[in-house]
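Contents: one structure, followed by commentary.
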């Protein structure tokens, strides 16, 4: 009996320790998924829109990375209105399926080319809704932005009401961005498209918001961006291509100026720039049961192939420590940069309400909040 009582007491004591921990884990908010689709008009007059998307991608990512709880971001990209696309498909093209690989998103944006065209805004929205495998998570935010400057009613076969109804039935929030003054006659249809889709309408100046503010912190952030690359340990069949593309997107960002390169650096230091399924460092961080020693040698990069299994494990742990230290530095300098930019905008009394990035960011903030994701 004494032994039984002692055992029960031990179990009770253990439960008092374990149960609060389990309760804590249960209360710990899980990150929700944001499925974001961007549909860009690539007809002959839309160079400003494409340029703005290239320039502001990382700024949008950085804002989303501040969301609480930190979301999982998947991005898909469509373009339309380009004479080089297939007429049978309504001059609509899926450039990128849903991915968490933000370097691929940037790569595709830089690959877009404008070329004349008939712009079927409703067709591109319908195709994105029907073709993509949207997340089935109940609490996810499924959101899309359709951007263009011609009438939203050009496609007589695919009507606003049809596509809006489809979006609502699939619980996808469809927002429209008209690249014209709000008083433009075509704005009415673009607004109707958003209203019927339970989304938001915005009219923007497509050339606005394409210049990033230079700061005294840009150089340091760009250097840290280069350093953090060495902590990525890509593996699998595509490891060489991924490492190469990471460098290529650094170059693309630098071409747009120090401000954009700095924003990309901040993204690398944030929670959304990650490669869970193809970076050994990230994989080990999120999965404590993952064993680096068991990864097939043909999937390893050249450096790891030269090491013994035990050495590989130690090497990956070392890279993780280095990355976390660099991310901390990026975060610290990034905060100073954000404060500097905010002060400069205040001095200039700048109004970003007519820019593409603010139209997207403002809408994302409000619509994410409805799903329990707070973005400052």
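Quick one: is residue 146 in a helix (DSSP H, G or I), touching a strand residue (DSSP E or B) at 6+ places or on another chain (Cβ under 8 Å) and farther than 18 Å from residue 272 by Cβ? So residue 146 fails the test. For segment 217-238, a tally of residues being in a helix (DSSP H, G or I) and either without any contact (Cβ under 8 Å) to a residue 40 or more places away in the chain or over 21 Å from the mean Cα position of the chain (by Cα) (or both) returns 7. For segment 104-133, filtered to residues that are under 17 Å from the mean Cα position of the chain (by Cα) and surrounded by fewer than 21 Cβ atoms within 10 Å (Cβ to Cβ), the residue that is farthest from residue 47 (Cα to Cα) is 133. Within segment 197-213, identify whether any single residue is farther than 15 Å from residue 367 by Cα, touching a helix residue (DSSP H, G or I) at 6+ places or on another chain (Cβ under 8 Å), modelled with pLDDT of 95 or more and not in a loop (DSSP other than H, G, I, E, B), and answer yes or no. Checked against the condition, which is being farther than 15 Å from residue 367 by Cα, touching a helix residue (DSSP H, G or I) at 6+ places or on another chain (Cβ under 8 Å), modelled with pLDDT of 95 or more and not in a loop (DSSP other than H, G, I, E, B), segment 197-213 yields no hits at all.
Please go through (1) surrounded by fewer than 19 Cβ atoms within 10 Å (Cβ to Cβ); (2) outside any strand (DSSP E or B); (3) free of Cβ contacts under 8 Å to residues at least 60 places away in the same chain for residue 94 and return the number of the only condition it doesn't satisfy. So residue 94 meets the others, but not (2). Of the residues making up segment 156-191, those that are assigned to a loop (DSSP other than H, G, I, E, B) and either out of contact with any strand residue (DSSP E or B) (no Cβ under 9 Å at 6 or more places or on another chain) or farther than 24 Å from residue 370 by Cα (or both) are 156, 157, 158, 159, 179, 180, 181, 182, 183, 184, 185, 186.
Quick check on residue 265: is it closer than 14 Å to residue 334 by Cα and either free of Cβ contacts under 8 Å to residues at least 24 places away in the same chain or not assigned by TED's automatic domain parsing to the domain that holds residue 74 (or both)? Yes: the conditions hold for residue 265. Pairs are defined by a Cβ separation below 8 Å, a sequence spacing of at least 6 or placement on different chains, a first member in segment 37-64 that is part of a loop (DSSP other than H, G, I, E, B), and a second member that is at pLDDT below 90; the pairs so defined are 42/117; 43/116; 43/117; 44/116; 44/117; 46/206. Once segment 172-184 is narrowed to residues that are at pLDDT 95 or above and surrounded by fewer than 24 Cβ atoms within 10 Å (Cβ to Cβ), the residue that is farthest from residue 46 (Cα to Cα) is 172. In segment 264-376, counting only helices (runs of 4 or more DSSP H) that sit wholly within it, the ones holding 2 or more residues that are under 21 Å from the mean Cα position of the chain (by Cα) span 280-286, 309-348, 356-369. Taking segment 257-311 as the range and being under 29 Å from residue 223 (Cα atoms) and loosely packed, with under 11 Cβ neighbours inside 10 Å as the test, the residues that pass are 286, 302, 303, 306. Which of the residues that make up segment 65-75 are within 10 Å of the chain's Cα centre (by Cα) and part of a strand (DSSP E or B)? Answer for segment 65-75, where residues must be within 10 Å of the chain's Cα centre (by Cα) and part of a strand (DSSP E or B): 72, 73, 74, 75. Sort through 248, 194, 254, 243 and tell me the only one that's surrounded by fewer than 18 Cβ atoms within 10 Å (Cβ to Cβ), in a helix (DSSP H, G or I) and touching a strand residue (DSSP E or B) at 6+ places or on another chain (Cβ under 7 Å). One residue alone meets the criteria, 243.
The values are calculated or read from the model by the stated rules, or taken from the named source; none is laboratory data. Remember, it's a predicted structure, so these values are computed and weren't measured experimentally. Cβ coordinates were reconstructed from backbone atoms using ideal geometry, including for glycine residues, and neighbour counts include every protein chain displayed.
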